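In what follows, a structure is listed as structure tokens, so that the remarks can point back to it.
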Amino acid sequence: MNIFRKFISGFHRILGVLLCLLFFMWFASGIVMIYHSFPRASQEYKLQRQAALRAADLLPMDSLMSMFPDTASLQSASVEMRFDRPAISMRGKGVPPALYMDDFGPVEKFDEAVRLKTLQLWCSSPILKIDTLEKVDQWIPFGGYNKEMPIYKYYFADDESHQLYMSSKDGRVLQFTDKESRFWAWVGAIPHWVYFTSLRQHQTLWIEFVKWTAGIGCIMCLLGFVLAFIDWRKQKGKGFFHSPYQKRWYKWHFVSGVVFGLFAITFAFSGLMSLRDIPDWMKKAPKTEKRRGGGMFPSRMNSMLPLDAYKLDYRQVVAASDSVKSITWSSWNRYPYYTVRYSHSSVRIDASDTTQIKPFVLTEEMIRKDVARQLGDSVQWKMDLLTTEDQDYYGRKKERVPLPVYRIIVDDDMHTRMYYNPTTLRKRTVDDDGRTRRFLYSGLHSLNIKFLTDRPVLWNIVMYTLMLGGTFLSLTGIVVSVKWIIRKVKRSI
């Protein structure tokens with residue numbers, strides 16, 4: 001037993017020297033991550049500053065439809081103000097490029113004038129400095145941005161010290177930060193997600209680094225637990241929390257490890273699971289279904305817009321409000337509707353009704369048809385209207401899920417549930433594999449467990465206690481590791 005303990009202790013100490021600082025960084029930054037994430041260029045920020053559409057400036061539906069050749073396959077179309085002129089952009093096969101609606105002229109390509117107008121949409125303060133980036137930096141650390149090079153980085157002379165990143169290809173805004181968001185990112189998202197530029201720009205390397213360090217960290221914590229159990233066996237009735245160590249930091253490391261060691265294991269393991277799928281041996285779905293991406297659920301229906309079904313003139317929708325920032329032609333299983341966006345919200349308007357402007361809402365009949373299309377005749381199922389959250393449909397601490405929703409209970413081996421929100425049109429599918437995946441990641445890592453999310457105060461108490469305990473455990477590990485290294489150096493000298 002002494003040889004075994006010596007081996008466990010030595011292995012745990014070596015791994016601790018290598019990973020204690022990383023674990024301290026993860027736990028301490030995790031506290032910040034509860035409220036602050038990595039900054040991003042918010043579309044809502046742009047919409048707040050974008051001019052509203054005016055119905056008088058927009059073309060009739062017939063004129064819009066004449067732009068599309070018979071061979072065109074339109075998937076979506078969106079109208080918004082491009083600076084001071086209404087423009088329409090389209091997505092699909094054989095559709096024309098973005099056009100101005102006042103003269104059908106093409107939207108100008110990215111040039112100096114477009115660049116300056118775009119900057120004014122995001123920040124009206126004077127430009128202090130401009131950098132031309134040939135490689136990613138801390139606030140755009142993702143390798144995918146390499147194709148946008150060179151990227152223009154603008155520094156603004158305002159109190160918030162805004163910085164904006166713009167693609168040189170098309171003038172698209174890639175990132176927008178201020179000094180407050182950058183500060184919180186440095187103490188939160190960057191250390192927690194290991195978003196250091198030299199590592200994060202290499203996607204595969206970053207994933208492997210996080211997976212291996214989290215996996216090895218699980219072994220380190222598990223060895224510490226085994227070591228604590230061995231030492232507990234030697235206590236001879238002195239109590240589980242009685243430390244066999246006399247030195248202060250070793251004593252605190254032992255006690256905090258006993259109390260928070262299990263959480264440290266689950267925290268590292270759930271971080272590992274955030275970057276990989278659950279093991280095959282934990283899955284219930286047959287391999288034939290997994291290869292088809294869900295088995296019984298076929299691909300989406302034809303996504304082409306049913307242009308002849310849009311009976312409501314979109315100009316009526318715009319005229320009903322003086323704050324419409326954009327309007328988009330959309331459809332749900334060939335049912336037409338408009339997505340209308342304002343500065344802080346969006347609504348969906350039924351485009352098939354010419355008598356009134358009313359929200360587009362999924363009916364029970366529409367959902368039944370969609371479920372029958374997906375499941376076929378061989379699978380039994382039933383539907384009910386859910387007005388309260390259940391064990392599969394619930395939100396996070398700060399985000400409650402919208403209700404009511406239609407719940408589909410499928411009679412299958414995977415205990416599948418489908419949830420259709422009639423107003424947001426969102427669909428959520430949950431099965432046994434999804435439940436396992438959710439528990440192993442968000443359940444263990446963010447305590448996204450219904451019992452806790454239903455009780456925000458309790459969630460905060462538990463989360464802060466565990467995160468502070470993990471931080472203190474890691475801190476004691478750092479001190480113990482430094483003391484061990486100093487002793488080794490002194491002995492070698």
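The values are calculated or read from the model by the stated rules, or taken from the named source; none is laboratory data. Since we're looking at a predicted model, the values are computed, not measured. Heads up, the Cβs are rebuilt from the backbone with ideal geometry, glycines too, and the neighbour counts pull from every protein chain shown. Note: areas computed on protein heavy atoms with side chains; ligands, DNA, RNA excluded. Shrake-Rupley method; radii C 1.70, N 1.55, O 1.52, S 1.80 Å.
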Next item on the list: Report, to the nearest whole %, how much of the accessible area of region 393-493 belongs to carbon and sulfur atoms, 1.4 Å probe, protein only.
Entry: 62 percent
Margin query: Show log10 I(q)/I(0) for region 451-492 at q = 0.34 Å⁻¹, two decimals, from a solvent-free Debye sum over equal Cα scatterers.
Written below: -0.99
Next item on the list: Pop out the carbon and sulfur fraction of the accessible area of region 119-225 as a percent, whole number, probe 1.4 Å.
Entry: 60 percent
Checklist line | In Å, descending, principal axis extents of the Cα set of the chain | finding: 88, 64, 40
Note to self: Could you give the length gained by full extension between A113 and W232, i.e. 0.36 nm per residue of separation minus their alpha carbon distance, to one decimal place?
What the structure shows: 35.6 nm
Item checked: Exceeding the 27 Å Cα-Cα cut-off - candidates K251/K488; K325/K358; K251/K450; K135/K179 -> K251/K450
Notebook entry, point to check: Considering only DSSP states other than H, G, I, E and B, which chymotrypsin sites (Phe, Trp or Tyr not before Pro) in region 34-93 qualify as loop sites with at most 12 other Cβ atoms within 10 Å?
Noted result: Y35
Notebook entry, point to check: Can you list the lysines whose alpha carbon sits under 16 Å from that of K109, skipping same-chain ones fewer than 8 residues off?
Noted result: K117, K169
Note to self: If each residue of separation counts as 0.36 nm, what is the full-extension length gain between S42 and E134 once their alpha-carbon separation is subtracted?
What the structure shows: 30.7 nm
Next item on the list: Pop out the carbon and sulfur fraction of the accessible area of region 1-115 as a percent, whole number, probe 1.4 Å.
Entry: 58 percent
Next item on the list: Please work out the average accessible area per residue across the chain, using the 1.4 Å probe convention, and give it in Å².
Entry: 54 Å²
Check: Each label point is 7 Å from the Cα along the Cα-to-Cβ direction; what then is the distance between the points at E365 and L403, in nm?
Finding: 2.8 nm
Notebook entry, point to check: How high is the FRET efficiency from L275 to I219, r the C-beta distance, R0 22 Å, rounded to 0.05?
Noted result: 0.80
Notebook entry, point to check: So what is log10(I(q)/I(0)) for region 101-221 at q = 0.10, 0.19, 0.23 1/Å, when the Debye sum runs over its Cα atoms only?
Noted result: -0.42, -1.06, -1.33
Next item on the list: Give the calculated FRET efficiency between S124 and N146 to the nearest 0.05, with a Förster radius of 22 Å applied to their Cβ-Cβ distance.
Entry: 0.10
Check: Counting GluC sites (Glu not before Pro) as exposed when in a DSSP loop with at most 13 other beta carbons within 10 Å, what is the longest stretch of the chain free of them?
Finding: 161-398
Check: List the aspartates and glutamates whose alpha-carbon lies under 14 Å from that of K284, not counting same-chain residues fewer than 8 positions away?
Finding: D412, D413, D431, D432, D433
Check: Farthest toward the dipole's positive end in the chain, which of I190, F209, L403, given Cβ charges of +1 (Lys, Arg) and -1 (Asp, Glu) about the Cα centre?
Finding: F209
Margin query: If I model a spin label at F11 and D413 as a point 7 Å from the Cα along the Cα→Cβ vector, what separation in nanometres do I get?
Written below: 3.7 nm
Notebook entry, point to check: For labels at R54 and R396 in the simple 7 Å Cα→Cβ model, what's the distance in nm?
Noted result: 4.1 nm
Next item on the list: At 0.36 nm per residue, minus the direct Cα-Cα distance, what do F439 and L468 gain on full extension? Give it in nm, one decimal, please.
Entry: 8.2 nm
Check: In percent, what relative contact order does the chain have, based on Cα pairs under 8 Å that are 6 or more apart in sequence?
Finding: 18 percent
Margin query: Just the number: Rg to Rh for region 392-458, Cα atoms, Kirkwood Rh, two decimals.
Written below: 0.99
